[in-house]
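**Student:** Before anything else, here's the structure in question.
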Amino acid sequence: MSHEARELARRLTLWYLAASTLILAASGVLGSTIRMSQADVGRLGDNTWYALMTAHGLGAFIGWAAFAVMGFSWWVLDSMGFQLRRFGASMAWLTFWLMVAGVAGVVVTTVFLGFAGSWVFLYPLPFFPAGQWGDVTTALFLFSVLLAGLAIVTWCLGILHTVVGPALHAVSKNPVNRFFTAIGFGYLWPKRFATNPEPVPYALIPLGVIGLDMIVATLPLAGLLVFMIVESFADVSVDPLLAKNILWWFGHPVVYLLLFPAVAIYYFLIPKYAKRPLVAGNIIALAWVIAVIANVIVWAHHVYLDFPADTIQPAINLVMQPMTFSLTIPSALSLYSLFFTIYRSDFEWNAASTSLVLGLVSWLLAGLSGVVNATIAFDAVVHNSLWIVGHFHHMALLNIGLVIFGATYHFLPELTGRPLWSETAARWHVWLTFFAGTFNSALWSWQGLEGAPRRFSVLPDAYEALAVAAVPTVIVLALAQILFFLNVLLTMTGPRVRPAEAGA
């Protein structure tokens, strides 16, 4: 392995980690502020609330969770021998700066210029500001989101360039064959997608899948964003339902931009802590064949209720419900494999591994609530309620977030050459985050089942009691993250381990 390439991957990962952690701090403050406001603790003005919600949603989802797992992917790849080459390295750095610029633009246009069109910027809402922001602000916001979208595309190009590289040891020189080899087709058709001498590492598969899928999902959204930027200054328009379908063509796969790299981290680290190979790895390879196809054609479960019932809606629903259910197969088989890898193993328990295991538990629980959203009869009840917010935060904070925390605690010492500042503080952080975050999402889900609407700056009186009940939980959850920030900061600035100590 090249020392220069490994040093590059190390620096890249640290830059991504540092930037995403700062974004977590900022978006966490915004999220706590709007949650408190709903409980009438420091009530915000309506437009301010919606502006902070817009910044929090994009910041926490893309700027922290996606950005962090995108960064750790470079280190996981390098650790498996898949080192960055010139083009991949260029894409990795370009991704970093595009994402930083995009997030900065979102913060400026929302927090300082008052754009409050929601983090999903449903068309044509950004063009009806009720005097709260101007056309230039709308264009700048959309351009900032476009930069973040381009960052996703450049990351995917870097990932694809790396996974089909020399470390794949694929027999074929054909790039298409090499890609399908990288996403595990060799486990199903070993002669057509052969490798020599070692099979494809399981952690490589989800990275290759999302590398392709997010290019397919993001480019139409980029086109819509360009059109909307033009609309900020010109008298043009697009059909709102078409725009919404383009948005969700991207909007559902982007969830897997978080999940699939997180799964790669699970596949890579859980066997290390269990001290045994991944159980039933050949079976999960089958699941990814489903994922690479289904992941980009399930957008329409976000529009179950949008079209008139006497038009195409029944046909959409007929296809989309089973298609969405099919995406539970990669998750179910991955959970089966990972839990049984841990079961009866000599598992090493520390803050990092505990965070990963609790992330698996949250993946299971959040996935079960997601099945409710995917079921048309249930979606008719919970659609646009706080149930959706509870499910989303459960998956994003307590599955993806706990993976990020676990990966940080595991990788940070080797990335910095410094010991973790406090294993005890890390354990407290992990457990407090798990319990407070789970209870926080449960309260949202409870409110949603009672009919509490989402995206309301002031909830109807009937739902305010549970919002008030969430205040202590939000405080505990916020304070727990201080332990994480301290551990990252003091580890990165602490004394290095001497070679003799490292080998002791």
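Please treat every number below as a calculation from the coordinates, not as lab data. What you are looking at is a predicted structure, and each value in this text was computed from that prediction instead of being measured. Glycine also receives a Cβ, built like all others from the backbone with ideal geometry; neighbour counts cover every protein chain displayed.
**Student:** For helix 3-38, what angle does its Cα long axis make with the longest principal axis of the chain, in degrees from 0 to 90 and rounded to 10?
**Tutor:** 30
**Student:** Between D306 and S172, what FRET efficiency comes out of the Förster formula 1/(1 + (r/R0)^6) with R0 = 35 Å and r the beta carbon distance, rounded to 0.05?
**Tutor:** 0.20
**Student:** List, largest first, the extents of the alpha carbons of the stretch 366-504 along their principal axes, each in whole Å.
**Tutor:** 62, 30, 20
**Student:** Mind listing the phi-derived Karplus ³J(HN,Hα) values for the stretch 293-298, rounded to whole Hz, using 6.51, -1.76 and 1.60 with θ = phi - 60°, and x for any glycine or proline?
**Tutor:** Once rounded to whole Hz, the list reads 8, 6, 4, 9, 10, 10.
**Student:** Could you compute how fast the chain diffuses translationally, taking Rh as the Kirkwood radius over C-alpha pairs and applying Stokes-Einstein at 20 °C with viscosity 1.002 mPa s? Give it in µm² per second.
**Tutor:** The diffusion coefficient I find is 92 µm²/s.
**Student:** Right, here's the next one. Taking amide H atoms as placed 1.01 Å from N in the peptide plane, list the residues 5 or more away in sequence, or in a different chain, whose amide H sits under 5 Å from that of T195.
**Tutor:** V171
**Student:** Let me ask something else about it. Between L364 and F339, what is 0.36 nm times their sequence separation minus the Cα-Cα distance? Round to one decimal in nm.
**Tutor:** Gain on stretching L364 to F339: 7.9 nm.
**Student:** Assuming 0.36 nm per residue, please report the length gained on full extension of the stretch K191 to F127 beyond their Cα-Cα distance.
**Tutor:** Taking 0.36 nm per residue and subtracting the Cα distance, the gain is 17.5 nm.
**Student:** Going Cα to Cα from K173, which aspartates and glutamates come in below 20 Å? Please leave out same-chain ones fewer than 8 positions away.
**Tutor:** E198
**Student:** At 222 nm, what helix-only mean residue ellipticity would the chain give, in deg cm²/dmol to the nearest 500, using -39500 (n - 2.57) for each DSSP H run of four or more?
**Tutor:** Calculated at 222 nm, the ellipticity per residue is -23000 deg cm²/dmol.
**Student:** Could you work out the relative contact order of the chain, using alpha carbon pairs under 8 angstrom and six or more residues apart, expressed as a whole percent?
**Tutor:** It rounds to 14 percent for the chain.
**Student:** Only four residue types carry charge here, +1 at the Cβ of Lys and Arg and -1 at the Cβ of Asp and Glu. Report the dipole size of the stretch 359-504 about the Cα centre in Debye, rounded to the nearest 20.
**Tutor:** 420
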